[in-house]
Amino acid sequence: MKDSTFTEKLIHIQSTLKVKKNRINQFANFNYRSLDDIFEAVKPLLKETGCTLTLSDEIVEVNGFNYVLAKASLSDGDTNKTVSSYARESVGKKGMDDPQMTGTASSYARKYACNGLFAIDDTEDVDSMDNRTQTLINGKIPKSGHLTIDQNLKLDRLSRDSKFKGTDMQKQVRDFIDTNPTEKESDEKILKLNNIIKEGK
């Protein structure tokens, strides 16, 4: 494997890497994976392929808000591939000081940069999908047929795409979610954001 081309190594890692969502968010009742979970799963594959993974981030200001720009880079010594992701620092998050807020944003951005680099599926684990509570991002439980956790997470992830850097897309998405949209309206919003992103790449 060490003598393979970089593209073959990346494909091997992407097709082999499995990182289950074994952690549970008790507040919103959904499963998730952490950055540490990704590290633990990918390290054997890095050793197998002779590749290294490096992560870095920096603070950038966009429209008066601080964002963490994280970069995940895979290298075999000759070739490298880098994927970036943004996460905004929370404004006045209760119970957290400034370094904690920055650290949380950094972990979030780094995780999604790794997701993009290694093509990690960001859908819910199959075993966790049957009996989940449908919950809005603000913790309210909507009526049947309204925004689901899956849609909530997809909208949040899409709003953070680098295509929307310098815009207020995250605020627009939060405002949209606060209207308690139906599943159909949410699917239409997800499709619209996906199309905008694809057109710009």
Notebook entry, point to check: Tell me, what ³J(HN,Hα) does each residue in the stretch 155-164 have, in order and in whole Hz, if you take phi through Karplus 6.51 cos²θ - 1.76 cosθ + 1.60 with θ = phi - 60° and put x for Gly and Pro?
Noted result: 4, 5, 5, 5, 5, 9, 4, 4, 4, 9
Check: Can you run phi through the Karplus equation (6.51, -1.76, 1.60; θ = phi - 60°) for the stretch 167-181 and list ³J(HN,Hα) in whole Hz, with x for Gly and Pro?
Finding: 10, 9, 4, 4, 5, 4, 5, 4, 5, 4, 4, 5, 7, 6, x
Notebook entry, point to check: Looking at this model, which pairs from 111/189; 47/71; 47/163; 9/192 are more than 29 angstrom apart at the alpha-carbon?
Noted result: 47/163; 9/192
Notebook entry, point to check: Expressed in nm to one decimal, what extension gain is obtained for the pair residue 22 and residue 162 from 0.36 nm per residue of sequence separation less their Cα-Cα distance?
Noted result: 47.6 nm
Check: For the stretch 1-73, which trypsin sites (Lys or Arg not before Pro) are both in a DSSP coil and crowded by at most 13 other Cβ atoms within 10 Å?
Finding: 2, 18, 20
Margin query: Take residue 48 and residue 34, extend 7 Å from each Cα along the Cα→Cβ direction, and tell me the distance between the two endpoints in nm.
Written below: 2.5
Check: For residue 73, what is the net charge nearby, where nearby means another residue's Cβ is under 13 Å from its Cβ and Lys, Arg count +1, Asp, Glu -1?
Finding: +1
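Readers should treat all values here as calculations from the given coordinates under stated rules, not as data from a laboratory. Everything quoted here is computed from the prediction, not taken from an experiment. Because the Cβ atoms are built from the backbone with ideal geometry, glycine has one as well, and the counts that use them run over all protein chains shown.
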